[in-house]
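> My questions will all concern the structure given below.
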Amino acid sequence: MAYLIDGNNLLGYLAAEELRDPRGRDGLILRLLTFQRATRKRIYLVFDGRPSDGDTYVTVNKKFSVIYPEPGDSADSIIHEMIGLQVDKRTFFVVSSDREIRDSARARGIQTLSSAEFSRELKRVIKDQKKMREMDKHVERPSPLEVHLWDDVFKTRR
């Protein structure tokens, strides 16, 4: 299963104030990385504009890529192109609230999620991951020697 995500659209929904800040993009990438690790789904995240290093295709890991358009191109055109290239449409989702993108995907038999729908799923998965990490924390019990030593420390303070 894979997600093709309209990055500016999702970031604008999640945190509109971060849309122009490169750190906002980094924050979205980190949230999606948590989501991707938990769900093991492939993610293609497409942003408008260029990153500071100029790369148009950035591999975060083997199942997570960030894509930027060439100068004069747009994220929407990249998304439309990727929609057109999809063969296995049953396991591919397009995430955007842009009506034109969603209509294009649906016309080709691809499932769509609005930014609001995906945001709820993203938040749920991140929350579940946080709970799992809390449950996995290993609590070491103090040894009898440590208990004795601490007991001595507190006895001497009286």
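> Among the candidates V66, V46, V58, which residue alone is at pLDDT below 90, touching a strand residue (DSSP E or B) at 6+ places or on another chain (Cβ under 7 Å) and surrounded by 15 or more Cβ atoms within 10 Å (Cβ to Cβ)?
Details: V66 fails: at pLDDT below 90; V46 fails: at pLDDT below 90.
After applying the criteria, what remains is V58.
> Follow-up question, since we're still on this one. Looking at (1) exposed (fewer than 15 other Cβ atoms within 10 Å of the Cβ); (2) within 12 Å of the chain's Cα centre (by Cα), can you tell me which one D6 breaks?
Answer for D6: the failing condition is (1).
> Next question, about the same structure. Considering only residues of the range 89-145 that are of a type in the set (S, T, N, Q) and not in a loop (DSSP other than H, G, I, E, B), which is farthest from L30 (Cα to Cα)?
S104
> Could I ask something else about it? Part of a strand (DSSP E or B), of a type outside the set (A, V, I, L, M) and closer than 10 Å to V46 by Cβ - does that describe any residue in the range 61-71?
Yes, the range 61-71 contains at least one residue that is part of a strand (DSSP E or B), of a type outside the set (A, V, I, L, M) and closer than 10 Å to V46 by Cβ.
> For the range 78-96, how many residues meet the condition of being of a type in the set (G, A, S), surrounded by fewer than 18 Cβ atoms within 10 Å (Cβ to Cβ) and within 21 Å of Y13 (Cβ to Cβ)?
As a first pass, look at the range 78-96 and keep what is of a type in the set (G, A, S): 84, 96.
Subsequent filtering for residues that are surrounded by fewer than 18 Cβ atoms within 10 Å (Cβ to Cβ) retains 84.
Next cut, within 21 Å of Y13 (Cβ to Cβ) only: none.
Residues flagged as of a type in the set (G, A, S), surrounded by fewer than 18 Cβ atoms within 10 Å (Cβ to Cβ) and within 21 Å of Y13 (Cβ to Cβ) within the range 78-96 amount to 0.
> Every residue in the range 97-119 that is touching a residue at least 40 places away in the same chain (Cβ under 8 Å) and surrounded by fewer than 18 Cβ atoms within 10 Å (Cβ to Cβ), please.
A116, S119
The values are calculated or read from the model by the stated rules, or taken from the named source; none is laboratory data. Being a predicted model, the structure only gives us computed values, none of them experimental. Cβ coordinates were reconstructed from backbone atoms using ideal geometry, including for glycine residues, and neighbour counts include every protein chain displayed.
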